[in-house]
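Notes follow the structure.
Every read-out reported here was derived from the displayed coordinates using simple, explicitly stated rules and does not represent laboratory data. Note that the structure is a prediction, hence the values are computed from the model and not measured. Glycine gets a Cβ as well: all are built from the backbone with ideal geometry, and neighbour counts include every protein chain shown.
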Amino acid sequence: MKYILSVIIALSSFMIYAQESLLQKVDSIVESKISTEDPALMVGVVKNGKIIYQKVKGLANLEHQVKATENTRSNIASTAKQYTALMVLQLSIENKLSLEDDIRTYLPNLYPNVKEQIKIRYLLNHTSGIRDYSDLLSLQQKPWWSQVGFDNDDVIKLLEKQQELGFKPGTRYMYSNSGYTILTKIIEKVSDKKFHVYARQFFKNLDMNATEFSSNYMLVIPNKATPYSDWGDGIWKEYPMLTNLNGDGFLYTSLKDQLRFEQAVQNAKFNNNVVLLQIQKSIKNSEITYYGFGLELGDKLNRKAVHHSGSTGSYHAQTLRFPEEKLSVFVMSSNGRIWSGFIAEEVAKVFLSKTDKVITYDKKLSESKGINDLNKIIGQYISENDYVIRIEKNDNNILWRNANNNPIEIYQEKNDVFNKGKNSATKIKFYENEFVVFYDNDKTDTYKKLAESKITLQDFESFEGEYYSSELEIGFTIYLEKDKNLWISFPKRKPKKLEVINRNELLVSDYILKIKRDQFDRVSDIFLTVFRVVNSRFRKKTNLKYQPKIEIQEGSIQVSNIGDKNGTTQILLTKNDKKGNEIWFKKYGGNGYDKANSILKTDNGYLIIGSTSSYGNGNYDVLVFEVNTNGKKLWQNTYGSFYNDYGYSAEKTDKGYLIKGTKQDCPNNTDINRKCNTNVWFIKINKNGKKTYSSIIEEIKN
């Protein structure tokens with residue numbers, strides 16, 4: 001008995017010594033990161049349901065030299081998303097909402113034109129297609145952090161202007177803070193309480209009394225750590241927080257509260273806490289499994305992990321859990337020089353034995369035969385998410401180019417297997433019309449090869465024009481310089497040169513511009529993707545510019561308008577020699593007002609486009625007629641209804657012409673003070689002037 005007791009005491013002493021040794025290593029890590037005079041760093045470790053380490057170093061406030069403590073509150077930014085998700089999950093368990101509910105059940109003004117369901121669970125794991133508000137504001141040149149008093153209501157107003165999603169809901173992952181802002185509004189609708197009020201009680205129930213979401217940037221938060229950064233010059237500066245956002249971040253909490261929560265998570269199974277158990281898993285019925293309830297579920301340090309980082313200004317935080325090892329590391333800081341994520345992993349390694357990653361590849365890698373001829377793999381490929389990858393050859397090197405990111409060299413490992421980067425575990429195999437990327441976790445991505453297409457000067461010219469987003473109320477202009485380079489210009493920004501990838505994709509800086517064409521193969525829209533804004537539509541403004549003169553072999557021919565003694569106007573067609581001298585002229589028109597705006601060369605002569613009050617149905621109708629090379633009229637037609645419709649210009653199509661003009665629409669024809677709308681009007685006609693199609697395009701303001 002004495003022997004057994006001695007062994008137990010010896011083992012206990014050894015375990016205590018071993019743990020103390022580990023904690024000393026952690027202490028050395030924390031000590032090495034900052035000095036006692038720097039902005040604060042807070043680190044804690046929970047193992048087997050118990051707090052085994054916690055340390056706070058540095059100052060909560062540099063100006064007043066206030067030391068940080070375990071009760072100091074810091075902003076954990078996006079690490080807070082797990083708590084907003086936890087509230088939603090709790091409400092669903094209480095049957096106050098369902099994760100399958102469409103968000104428009106609660107917020108009907110969001111995305112009324114989107115036919116697909118936008119489920120609550122799509123918001124939780126970032127698969128909704130809703131664009132990130134911070135990047136939308138950046139496009140508007142209104143950085144979110146500079147918007148004084150900007151709050152969740154302002155985010156909703158911004159999103160209410162968005163009529164389209166970046167992609168079909170539930171089909172892919174795109175991290176979006178907007179989703180969590182929407183969740184706060186759903187919580188308010190269901191609970192009939194302001195989000196920060198509801199959250200305060202929620203945290204009290206978790207015994208986290210020093211934890212609360214910010215509701216006003218001017219409010220005093222006791223024991224708050226002030227954020228600082230030096231921006232590389234070594235001089236500390238305060239990073240101002242000016243917004244009233246919450247739910248996606250802006251949770252102020254203490255190390256003491258966070259470690260208490262980590263204990264609750266580790267003890268959830270023992271305490272049968274269904275909510276805390278479920279939040280550590282992927283969402284039921286979800287299309288993705290690597291992100292769940294405000295938490296990432298991907299491996300860390302070659303182990304199964306549950307984790308999330310957060311960063312806003314100089315605040316940052318990291319939650320890192322290893323469920324199988326019953327180990328949690330939490331780090332937060334108000335110091336912009338360091339990064340919580342790196343520190344958390346460094347601390348976790350102290351407690352984890354080194355383990356090799358289990359590598360498995362899809363069987364297609366070994367069972368299929370690919371192409372090993374370097375010249376045959378060169379080209380452009382497109383992913384399932386519509387991103388273009390260029391495989392290029394530079395001297396004897398093969399490069400992978402993704403948008404404007406730095407190219408990655410591809411190495412031929414053996415015959416038909418390539419490596420994406422030297423010593424990379426990611427393999428690539430090229431086939432006749434595609435290539436497949438093989439990852440070491442048994443997953444693959446397939447890229448289809450695009451048919452080669454020569455870019456012509458006409459293609460370059462077709463990109464020119466003004467583009468406008470009604471959702472963002474901003475626009476840009478694309479123009480062609482004399483050196484045949486395309487440039488893009490945003491208001492109040494320096495123009496930048498565009499890179500033309502193919503007929504349907506342009507690049508500039510971090511922007512990907514995808515071209516949409518109409519039935520006449522003309523550029524109608526550009527879908528812009530940058531960071532967390534995907535496929536934001538910018539519609540090309542129709543160019544109604546007149547073309548009254550064209551060059552011909554003998555000189556030129558032009559249309560103009562001439563008045564007569566009765567006060568009416570007629571159309572004048574004039575042919576001039578190369579010196580501008582008149583060769584002949586012809587007049588056309590009736591008893592009213594007839595005007596020509598443009599002329600287009602045809603196989604038989606010339607097409608003249610304008611408007612008339614002499615012929616047709618309305619006050620003014622679109623007038624189109626064709627003449628031969630001597631000015632003899634071959635046919636004439638009008639297009640319009642009761643009000644004022646005008647013809648501006650025309651383009652050739654395969655089987656005729658596309659007439660561009662405007663069409664007026666009024667609520668009635670009796671009220672002199674009525675308000676009428678004018679829209680761009682496209683009319684498709686055959687070569688004899690018969691209308692085959694027409695379409696109302698964008699409204700013309702003012």
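Using r as the Cβ-Cβ distance of Lys516 and Asn405, and R0 as 35 Å, what FRET efficiency do you calculate, to the nearest 0.05? Write down the numbers at each step before the final one.
Values: r = 24 Å, r/R0 = 0.69.
After rounding, the FRET efficiency stands at 0.90.
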Subject >> Net charge dipole size for the chain [Lys, Arg +1 and Asp, Glu -1 on Cβ; Debye, nearest 20] >> reply: 720
Original post:
About its Cα centre, how strong a charge dipole does the stretch 364-449 have in debye, to the nearest 20, once Lys and Arg get +1 and Asp and Glu get -1 at the Cβ?
Top reply: 100
**OP:** Relative to the longest principal axis of the C-alpha atoms of the chain, give the angle of the C-alpha long axis of helix 2-33, reported between 0 and 90° and rounded to the nearest 10°.
**Re:** 40
**OP:** Work through the residues other than Ile488 whose Cβ is under 10 Å from its Cβ and net out their charges, Lys, Arg +1 and Asp, Glu -1.
**Re:** +3
Original post:
Between Lys193 and His64, what is the FRET efficiency for a Förster distance of 35 Å, r being their Cβ-Cβ separation, to the nearest 0.05?
Top reply: 0.50
**OP:** Go ahead and estimate [θ] at 222 nm for the chain from helices alone: -39,500 (n - 2.57) per DSSP H run with n ≥ 4, summed, over the residue count, rounded to 500.
**Re:** -6000 deg cm²/dmol
Subject >> Shape category assigned to the stretch 457-540 from the gyration tensor of Cα positions, a/c cut at 1.5 >> reply: rounded
Subject >> Spatially near lysine pairs across the stretch 489-557, Cα under 18 Å, sequence gap of 8 or more or different chains >> reply: 6
Original post:
What is the helix-to-structure angle for 255-266, meaning the angle in degrees between its Cα long axis and the longest Cα principal axis of the chain, kept from 0 to 90 and rounded to the nearest 10?
Top reply: 90
Original post:
Taking Cα pairs under 8 Å and at least six residues apart, what relative contact order does the stretch 549-699 come out at, in percent?
Top reply: 13
Subject >> Shape call, the stretch 53-351: gyration tensor on alpha carbons, a/c limit 1.5 >> reply: oblate
**OP:** Give the angle, between 0 and 90 degrees and rounded to the nearest 10, that separates the Cα long axis of helix 340-351 from the longest principal axis of the Cα atoms of the chain.
**Re:** 40
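If Lys and Arg each add +1 and Asp and Glu each add -1, what is the summed charge of the other residues whose beta carbon sits under 15 Å from the beta carbon of Lys194? Intermediate values should be presented prior to the final figure.
Details: positive: Lys185, Lys189, Lys193, Arg200; negative: Asp151, Asp153, Glu188, Asp192, Glu212.
Net charge in that neighbourhood comes out at -1.
How would you rank Ser21, Ser524, going from fewest to most other Cβ atoms within 10 Å of each one's own Cβ?
On the way: Ser21 10, Ser524 15.
Listing Ser21, Ser524 from fewest to most nearby Cβ atoms yields Ser21, Ser524.
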